[in-house]
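Everything on this sheet refers to the single structure shown next.
The values are calculated or read from the model by the stated rules, or taken from the named source; none is laboratory data. Remember, it's a predicted structure, so these values are computed and weren't measured experimentally. Counting neighbours? That spans all protein chains shown, and the Cβs are built from the backbone with ideal geometry, glycine included. Each accessible area value is taken on the protein alone, full model and side chains, heavy atoms only, with ligands, DNA and RNA left out. Shrake-Rupley method; radii C 1.70, N 1.55, O 1.52, S 1.80 Å.
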There are 2 protein chains.
Amino acid sequence: MPVELTPSQALGLWHAVSREQVRVDSRDLTLRQMAILLEIYLVPPPHSVRGLAATLGVTKPVITRALDTMGALGLVDRVRDQRDRRNVIIKRTVEGALYLEKFGDLIINQGRKL
Amino acid sequence: MPVELTPSQALGLWHAVSREQVRVDSRDLTLRQMAILLEIYLVPPPHSVRGLAATLGVTKPVITRALDTMGALGLVDRVRDQRDRRNVIIKRTVEGALYLEKFGDLIINQGRKL
DNA sequence: TCCGATCGTTACGCAAGCGTTTCTTTCAAG
DNA sequence: CTTGAAAGAAACGCTTGCGTAACGATCGGA
(Lines give C-alpha, C1' and ligand atoms only; values in the text may rest on other atoms or scores of the structure.)
Protein backbone atom coordinates (compact mmCIF):
# COMPACT_ATOMS: atom_id res chain seq x y z
CA MET A 1 0.00 0.00 0.00
CA PRO A 2 2.14 2.87 -1.25
CA VAL A 3 1.76 6.49 -0.17
CA GLU A 4 1.54 8.89 -3.08
CA LEU A 5 2.67 12.40 -2.27
CA THR A 6 3.14 15.53 -4.33
CA PRO A 7 6.39 17.47 -3.79
CA SER A 8 4.42 20.10 -1.91
CA GLN A 9 2.81 17.52 0.34
CA ALA A 10 6.07 15.72 0.99
CA LEU A 11 7.99 18.79 2.11
CA GLY A 12 4.94 20.28 3.76
CA LEU A 13 4.51 17.18 5.87
CA TRP A 14 8.15 17.15 6.92
CA HIS A 15 7.96 20.84 7.65
CA ALA A 16 4.87 20.63 9.85
CA VAL A 17 6.12 17.62 11.77
CA SER A 18 9.59 19.06 12.32
CA ARG A 19 8.19 22.37 13.48
CA GLU A 20 5.78 20.79 15.96
CA GLN A 21 8.40 18.39 17.23
CA VAL A 22 10.79 21.29 17.87
CA ARG A 23 8.07 23.22 19.64
CA VAL A 24 6.94 20.34 21.80
CA ASP A 25 9.96 18.23 22.64
CA SER A 26 13.05 19.60 24.30
CA ARG A 27 14.78 16.26 23.74
CA ASP A 28 16.41 17.06 20.46
CA LEU A 29 17.27 13.68 18.98
CA THR A 30 19.62 13.92 16.05
CA LEU A 31 18.58 12.50 12.71
CA ARG A 32 20.92 9.60 13.33
CA GLN A 33 19.44 8.85 16.71
CA MET A 34 15.93 8.98 15.30
CA ALA A 35 16.90 6.65 12.46
CA ILE A 36 18.39 4.19 14.95
CA LEU A 37 15.35 4.36 17.22
CA LEU A 38 12.97 3.72 14.34
CA GLU A 39 15.11 0.87 13.07
CA ILE A 40 14.96 -0.79 16.47
CA TYR A 41 11.21 -0.46 16.79
CA LEU A 42 10.09 -1.10 13.22
CA VAL A 43 12.38 -3.92 12.15
CA PRO A 44 12.01 -7.36 13.75
CA PRO A 45 14.65 -8.17 16.38
CA PRO A 46 17.27 -9.08 17.25
CA HIS A 47 19.30 -5.90 16.78
CA SER A 48 23.03 -5.62 17.30
CA VAL A 49 25.43 -2.70 17.27
CA ARG A 50 27.20 -3.91 14.17
CA GLY A 51 23.93 -4.63 12.41
CA LEU A 52 22.61 -1.15 12.99
CA ALA A 53 25.94 0.32 11.95
CA ALA A 54 25.85 -1.59 8.68
CA THR A 55 22.22 -0.75 7.97
CA LEU A 56 22.74 2.96 8.50
CA GLY A 57 26.20 3.16 6.99
CA VAL A 58 27.88 4.55 10.10
CA THR A 59 30.64 3.37 12.41
CA LYS A 60 30.06 1.30 15.52
CA PRO A 61 30.94 4.06 18.01
CA VAL A 62 28.14 6.13 16.52
CA ILE A 63 25.71 3.39 17.49
CA THR A 64 27.22 2.92 20.93
CA ARG A 65 26.97 6.63 21.69
CA ALA A 66 23.41 6.88 20.40
CA LEU A 67 22.43 3.90 22.56
CA ASP A 68 24.11 5.55 25.55
CA THR A 69 22.08 8.70 25.05
CA MET A 70 18.78 7.05 24.26
CA GLY A 71 19.32 4.52 27.02
CA ALA A 72 19.69 7.36 29.52
CA LEU A 73 16.39 8.70 28.22
CA GLY A 74 14.83 5.30 28.73
CA LEU A 75 14.05 4.85 25.06
CA VAL A 76 16.09 1.68 24.56
CA ASP A 77 17.83 -0.97 26.63
CA ARG A 78 20.84 -3.24 26.18
CA VAL A 79 21.39 -6.84 27.23
CA ARG A 80 24.36 -9.14 26.75
CA ASP A 81 23.70 -12.07 24.45
CA GLN A 82 24.13 -15.21 26.59
CA ARG A 83 24.71 -17.43 23.57
CA ASP A 84 27.63 -15.35 22.32
CA ARG A 85 28.76 -13.03 25.01
CA ARG A 86 30.55 -10.74 22.62
CA ASN A 87 27.20 -9.56 21.31
CA VAL A 88 24.83 -7.02 22.77
CA ILE A 89 21.14 -7.34 22.06
CA ILE A 90 19.25 -4.07 21.86
CA LYS A 91 15.87 -4.16 23.53
CA ARG A 92 12.79 -2.02 23.16
CA THR A 93 11.22 -0.34 26.19
CA VAL A 94 7.69 0.67 27.06
CA GLU A 95 8.78 4.28 27.19
CA GLY A 96 10.34 4.08 23.76
CA ALA A 97 7.21 2.53 22.32
CA LEU A 98 5.10 5.32 23.81
CA TYR A 99 7.47 7.93 22.49
CA LEU A 100 7.19 6.61 18.94
CA GLU A 101 3.47 6.14 19.24
CA LYS A 102 3.08 9.81 20.09
CA PHE A 103 5.42 10.74 17.29
CA GLY A 104 3.39 8.68 14.84
CA ASP A 105 0.25 10.47 15.94
CA LEU A 106 1.98 13.77 15.29
CA ILE A 107 2.80 12.70 11.74
CA ILE A 108 -0.74 11.50 11.11
CA ASN A 109 -2.32 14.67 12.47
CA GLN A 110 -0.03 16.96 10.54
CA GLY A 111 -0.67 14.94 7.40
CA ARG A 112 -4.39 15.46 7.76
CA LYS A 113 -3.90 19.22 8.00
CA LEU A 114 -2.06 19.54 4.68
CA MET B 1 -6.02 17.88 0.19
CA PRO B 2 -5.16 15.99 3.37
CA VAL B 3 -2.80 13.03 3.56
CA GLU B 4 -4.30 10.05 5.35
CA LEU B 5 -1.73 7.75 6.92
CA THR B 6 -1.96 4.70 9.12
CA PRO B 7 0.33 4.59 12.16
CA SER B 8 2.44 2.02 10.38
CA GLN B 9 2.71 4.17 7.29
CA ALA B 10 3.52 7.31 9.25
CA LEU B 11 6.39 5.81 11.23
CA GLY B 12 7.47 3.67 8.29
CA LEU B 13 7.79 6.74 6.12
CA TRP B 14 9.79 8.62 8.73
CA HIS B 15 11.96 5.58 9.25
CA ALA B 16 12.75 5.05 5.59
CA VAL B 17 13.47 8.71 4.93
CA SER B 18 15.65 9.12 8.01
CA ARG B 19 17.61 6.00 7.21
CA GLU B 20 18.29 7.01 3.62
CA GLN B 21 19.12 10.57 4.58
CA VAL B 22 21.66 9.29 7.12
CA ARG B 23 23.14 6.95 4.55
CA VAL B 24 23.39 9.54 1.80
CA ASP B 25 24.12 12.89 3.40
CA SER B 26 27.12 13.51 5.63
CA ARG B 27 25.72 16.98 6.43
CA ASP B 28 23.80 16.06 9.52
CA LEU B 29 21.34 18.91 9.97
CA THR B 30 19.68 18.91 13.37
CA LEU B 31 15.92 18.76 13.61
CA ARG B 32 15.91 22.42 14.51
CA GLN B 33 17.99 23.36 11.51
CA MET B 34 15.77 21.34 9.24
CA ALA B 35 12.67 22.98 10.66
CA ILE B 36 14.19 26.42 10.09
CA LEU B 37 15.23 25.57 6.56
CA LEU B 38 11.78 24.30 5.65
CA GLU B 39 10.14 27.32 7.24
CA ILE B 40 12.26 29.61 5.10
CA TYR B 41 11.51 27.78 1.88
CA LEU B 42 7.86 26.86 2.37
CA VAL B 43 6.45 29.98 4.01
CA PRO B 44 6.22 33.22 1.99
CA PRO B 45 8.93 35.77 2.81
CA PRO B 46 10.12 37.93 4.39
CA HIS B 47 11.71 35.97 7.20
CA SER B 48 13.45 37.48 10.19
CA VAL B 49 15.42 36.02 13.07
CA ARG B 50 12.83 37.01 15.64
CA GLY B 51 10.00 35.71 13.47
CA LEU B 52 11.58 32.30 13.08
CA ALA B 53 12.38 32.22 16.77
CA ALA B 54 8.76 32.90 17.64
CA THR B 55 7.38 30.41 15.14
CA LEU B 56 9.58 27.59 16.40
CA GLY B 57 9.46 28.51 20.07
CA VAL B 58 13.23 28.91 20.46
CA THR B 59 15.51 31.79 21.41
CA LYS B 60 17.08 34.15 18.90
CA PRO B 61 20.63 32.88 19.29
CA VAL B 62 19.41 29.46 18.21
CA ILE B 63 18.28 30.98 14.94
CA THR B 64 21.45 33.03 14.51
CA ARG B 65 23.61 29.96 15.00
CA ALA B 66 21.54 27.83 12.67
CA LEU B 67 21.76 30.52 10.00
CA ASP B 68 25.52 30.70 10.52
CA THR B 69 25.84 26.98 9.94
CA MET B 70 23.45 26.73 7.03
CA GLY B 71 24.85 29.90 5.53
CA ALA B 72 28.30 28.32 5.52
CA LEU B 73 26.75 25.36 3.71
CA GLY B 74 25.24 27.72 1.14
CA LEU B 75 21.69 26.73 2.04
CA VAL B 76 20.54 30.22 3.09
CA ASP B 77 21.71 33.81 2.85
CA ARG B 78 21.30 36.95 4.99
CA VAL B 79 20.80 40.54 3.90
CA ARG B 80 20.32 43.69 5.97
CA ASP B 81 16.89 45.25 5.62
CA GLN B 82 17.48 48.70 4.09
CA ARG B 83 14.14 50.02 5.33
CA ASP B 84 14.89 49.17 8.95
CA ARG B 85 18.54 48.45 9.32
CA ARG B 86 18.07 46.63 12.59
CA ASN B 87 16.42 43.79 10.73
CA VAL B 88 18.01 40.99 8.79
CA ILE B 89 16.12 39.44 5.92
CA ILE B 90 16.78 35.77 5.36
CA LYS B 91 17.10 34.82 1.72
CA ARG B 92 16.75 31.56 -0.12
CA THR B 93 19.55 30.27 -2.33
CA VAL B 94 19.64 28.11 -5.41
CA GLU B 95 21.63 25.53 -3.54
CA GLY B 96 19.12 25.44 -0.73
CA ALA B 97 16.25 25.00 -3.15
CA LEU B 98 18.05 22.12 -4.82
CA TYR B 99 18.79 20.54 -1.49
CA LEU B 100 15.13 20.57 -0.48
CA GLU B 101 14.02 19.44 -3.90
CA LYS B 102 16.20 16.38 -3.57
CA PHE B 103 14.96 15.82 -0.08
CA GLY B 104 11.37 16.03 -1.27
CA ASP B 105 12.11 13.43 -3.93
CA LEU B 106 13.49 11.17 -1.23
CA ILE B 107 10.29 11.46 0.78
CA ILE B 108 8.14 10.78 -2.28
CA ASN B 109 10.17 7.77 -3.33
CA GLN B 110 10.22 6.25 0.13
CA GLY B 111 6.49 6.85 0.44
CA ARG B 112 5.88 4.88 -2.73
CA LYS B 113 7.85 1.95 -1.37
CA LEU B 114 5.76 1.53 1.75
C1' DT C 1 45.92 -24.57 24.56
C1' DC C 2 46.89 -21.13 21.55
C1' DC C 3 45.84 -17.34 18.65
C1' DG C 4 43.74 -14.71 15.20
C1' DA C 5 39.28 -12.72 14.42
C1' DT C 6 35.11 -10.48 16.06
C1' DC C 7 32.18 -7.57 19.07
C1' DG C 8 31.26 -3.69 21.59
C1' DT C 9 33.26 -0.09 24.32
C1' DT C 10 36.43 3.44 25.66
C1' DA C 11 39.79 7.15 25.01
C1' DC C 12 41.36 11.12 22.55
C1' DG C 13 41.24 15.69 20.60
C1' DC C 14 38.10 18.38 18.10
C1' DA C 15 33.95 20.67 16.30
C1' DA C 16 29.32 22.25 17.00
C1' DG C 17 25.12 23.25 19.55
C1' DC C 18 23.14 24.82 23.90
C1' DG C 19 21.15 28.67 27.27
C1' DT C 20 22.17 32.89 29.26
C1' DT C 21 23.98 37.24 29.23
C1' DT C 22 25.98 41.20 27.18
C1' DC C 23 26.94 44.21 23.36
C1' DT C 24 26.27 47.14 19.08
C1' DT C 25 23.53 49.20 15.89
C1' DT C 26 19.40 51.31 14.72
C1' DC C 27 15.04 53.28 15.27
C1' DA C 28 11.42 56.38 16.99
C1' DA C 29 8.97 58.94 20.48
C1' DG C 30 9.38 62.89 23.46
C1' DC D 1 19.18 65.98 20.78
C1' DT D 2 18.21 62.42 24.22
C1' DT D 3 16.78 58.23 25.56
C1' DG D 4 14.57 53.89 25.89
C1' DA D 5 13.32 49.96 23.23
C1' DA D 6 14.18 46.56 19.68
C1' DA D 7 16.91 43.45 16.53
C1' DG D 8 20.52 40.63 15.77
C1' DA D 9 25.10 39.14 16.89
C1' DA D 10 28.86 37.90 19.96
C1' DA D 11 30.78 36.09 24.22
C1' DC D 12 30.79 32.76 27.97
C1' DG D 13 31.18 28.15 29.88
C1' DC D 14 29.17 23.81 29.25
C1' DT D 15 27.51 19.62 27.09
C1' DT D 16 27.28 16.39 23.40
C1' DG D 17 28.41 14.29 19.11
C1' DC D 18 32.15 13.34 15.82
C1' DG D 19 36.05 10.19 13.54
C1' DT D 20 39.91 7.60 14.49
C1' DA D 21 42.43 4.53 17.03
C1' DA D 22 43.17 1.50 20.68
C1' DC D 23 41.35 -1.78 24.12
C1' DG D 24 39.40 -5.88 26.80
C1' DA D 25 36.39 -9.71 26.46
C1' DT D 26 34.96 -13.57 23.95
C1' DC D 27 34.71 -16.99 20.50
C1' DG D 28 36.25 -20.86 17.47
C1' DG D 29 39.40 -23.36 14.71
C1' DA D 30 44.25 -25.25 14.46
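Taking only protein heavy atoms into account and a 1.4 Å probe, give the accessible area per residue of the protein assembly as shown in Å².
The answer is 53 Å² per residue.
From a point 7 Å beyond the Cα of B:Met1 in the direction of its Cβ, which residues of the stretch A:78-114 have a backbone N at a distance under 13 Å?
Label zone hits: A:114.
Taking accessible area as the heavy-atom solvent-accessible surface of the protein chains with a 1.4 Å probe, which residues of the stretch B:32-79 lose no less than 50 Å² upon going from the isolated chain to the full protein assembly?
Listed by number, the residues meeting the 50 Å² cut-off are B:Leu38, B:Leu42, B:Leu56.
Would you look at the GNM of chain A, springs on alpha carbons closer than 10 Å, and say which of A:Arg78, A:Arg50, A:Arg86 moves the most?
Maximum fluctuation in the GNM of chain A, among the listed residues, is at A:Arg86.
Using a 1.4 Å probe and counting only protein heavy atoms, how much accessible surface gets buried when A and B come together, both sides summed, in Å² to the nearest 100?
Adding both sides of the contact gives about 4100 Å².
Using only DSSP helix segments of four residues or longer, with each worth -39500 (n - 2.57), what per-residue ellipticity at 222 nm results for chain B after dividing by its residue count and rounding to 500?
Dividing the helical sum by the residues of chain B leaves -20000 deg cm²/dmol.
Using just the Cα positions, wrap the protein assembly as shown in a convex hull and report its mean projected area in square nanometres, one decimal place.
Projected over every direction and averaged, the Cα hull of the protein assembly as shown covers 13.2 nm².
Per residue of the stretch A:8-16, in order, report the coupling 6.51 cos²θ - 1.76 cosθ + 1.60 (Karplus, θ = phi - 60°) as ³J(HN,Hα) in whole Hz, putting x for Gly and Pro.
Taking θ as phi minus 60°, the curve returns 5, 5, 4, 6, x, 5, 4, 4, 5 Hz for the stretch A:8-16.
Beyond a 27 Å Cα-Cα separation, which of these cross-linked pairs lie in this structure: A:Lys60/A:Lys102; B:Lys60/B:Lys102; A:Lys102/B:Lys113?
Exceeds cut-off: A:Lys60/A:Lys102; B:Lys60/B:Lys102.
Compute the projected area of the convex hull of the Cα atoms of the stretch A:7-113, averaged over all viewing directions, and report it in nm² to one decimal place.
7.5
Comparing the chain by itself with all protein chains present, which residues of the stretch A:89-114 are at least 40 Å² less accessible (probe 1.4 Å)?
When all protein chains are present, A:Ile107, A:Ile108, A:Arg112, A:Leu114 each give up 40 Å² or more of accessible surface.
At a 1.4 Å probe, what is the % contribution of carbon and sulfur to the accessible area of chain B?
Roughly 53 percent of what the probe reaches on chain B is carbon or sulfur.
If amide hydrogens are placed 1.01 Å from N in the peptide plane, which non-local residues have theirs closer than 5 Å to the one on B:Leu114?
Placed amide hydrogens put A:Val3 under 5 Å from B:Leu114.
From the backbone phi of the stretch B:68-77, what are the Karplus-calculated ³J(HN,Hα) couplings (6.51 cos²θ - 1.76 cosθ + 1.60, θ = phi - 60°) in whole Hz, Gly and Pro given as x?
4, 5, 6, x, 5, 7, x, 7, 9, 9
With every protein chain present, what accessible area does B:Val94 have (1.4 Å probe, heavy atoms only), rounded to the nearest 10 Å²?
Rounded to the nearest 10, that gives 110 Å².
Which far-off residues, 5 or more places away or on another chain, put their amide H under 5 Å from the one on A:Val88, with H placed in the peptide plane?
A:Val49, A:Asp81
Through the Karplus equation 6.51 cos²θ - 1.76 cosθ + 1.60, θ set to phi - 60°, convert the phi angles of the stretch B:33-49 into ³J(HN,Hα) values in whole Hz; use x for Gly and Pro.
Values, residue by residue: 4, 4, 4, 5, 4, 5, 4, 5, 8, 9, 9, x, x, x, 10, 10, 4 Hz.
Check A:Arg78: other-chain or 5+ apart residues with amide H under 5 Å from its amide H, H built from backbone geometry?
A:Lys91
Given a 1.4 Å probe and the protein chains all in place, what does the accessible area of A:Lys91 round to, in Å² to the nearest 10?
Accessible area, nearest 10 Å²: 90 Å².
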